[in-house]
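First up is the structure itself, then whatever we jot down about it.
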Amino acid sequence: MSRSRGTAETRDSRDLRAELVAAAVAMLAQPQPVAVPSLRSIARACRVAPSAVYWHFPSEVDLRSAVLDAEYTSLIEAVEAALDNAATDTDRLVVAGDAYIAWALEHPGAYQLLFESGDELPATRAERGPRLQRRIVDLARRVDPDAPFAAALLLWSAWHGVVSLRLHKDEWDWGMTAQEANRRLVAALTTHSAGPALSCRSENESQ
């Protein structure tokens, strides 16, 4: 296909770039080997010629970066929305864990790409990621007020374990829902904590 034809296609009323990313995301609906679908397979899903995909994404590396950005943004938005909309009397560590786990189980292939591929997130990752990290670290002071970042990593490890094992061992009888597991984990980590409960003021200051 000539460059002029490819240019004409980009002027179509369709937002082809968004469709290409969405098609790649849709192909990650089920757990699979950790890889972004090929450019040709995405072209077939969008019913366009492969050259139209290459016009927007010169390589699979470029597509991978766009998909990582899209899915990381989706995860950040899900957890932030859950925290922002949580009732004042709810345990925000539980809320954050529930939202993280729910998103991961609803987007298994994307979750694997983000956290089981061994690749670092691209430099253009969602801008709100660091802000959410600070919020979780602030919440983790309940677990260890002297080392909240380490406590946040411990929480993330626990949440990741719940997600990863359920994705890869779905034939097991867990005896509890993922949300129940989250509540047990948070309770176990905070029961003997000497740190005070996080105040609303300190969480707002971290944003």
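The values are calculated or read from the model by the stated rules, or taken from the named source; none is laboratory data. Remember, predicted model here, so these are calculated numbers, not experimental data. Glycine also receives a Cβ, built like all others from the backbone with ideal geometry; neighbour counts cover every protein chain displayed. Just so you know, the surface numbers come from the protein's heavy atoms only, side chains and all, with ligands and any DNA or RNA stripped out. Shrake-Rupley method; radii C 1.70, N 1.55, O 1.52, S 1.80 Å.
Worth a mention:
- Looking only at residues of segment 53-68 that are under 15 Å from the mean Cα position of the chain (by Cα) and either free of Cβ contacts under 8 Å to residues at least 24 places away in the same chain or more than 14 Å from His107 (Cα to Cα) (or both), we find that the one that is least open to solvent (accessible area, probe 1.4 Å) is Ala66.
- Selection status of Pro50, open to solvent by less than 50 Å² (accessible area, probe 1.4 Å), farther than 30 Å from Leu154 by Cα and free of Cβ contacts under 8 Å to residues at least 12 places away in the same chain: yes
- Within segment 62-89, the set of residues being of a type in the set (A, V, I, L, M) and either in contact with a helix residue (DSSP H, G or I) (Cβ under 7 Å, 6 or more places away or on another chain) or closer than 24 Å to Leu39 by Cβ (or both) comprises Leu63, Ala66, Val67, Leu68, Ala70, Leu75, Ile76, Ala78, Val79, Ala82, Leu83, Ala86.
- Taken across segment 133-143, residues that are part of a helix (DSSP H, G or I), more than 28 Å from Gly109 (Cβ to Cβ), among the basic types (Lys, Arg) and at pLDDT below 90 do not occur at all.
- Hey, Asp15 within 29 Å of Arg131 (Cα to Cα), at pLDDT 85 or above and not basic (Lys, Arg) or not: no
- Ala45 meets each of the listed conditions (1) within 14 Å of Arg17 (Cα to Cα); (2) open to solvent by less than 50 Å² (accessible area, probe 1.4 Å); (3) among the aliphatic types (A, V, I, L, M) apart from (2).
- Ala110 being in contact with a helix residue (DSSP H, G or I) (Cβ under 7 Å, 6 or more places away or on another chain), modelled with pLDDT under 90, open to solvent by less than 10 Å² (accessible area, probe 1.4 Å) and part of a helix (DSSP H, G or I): yes
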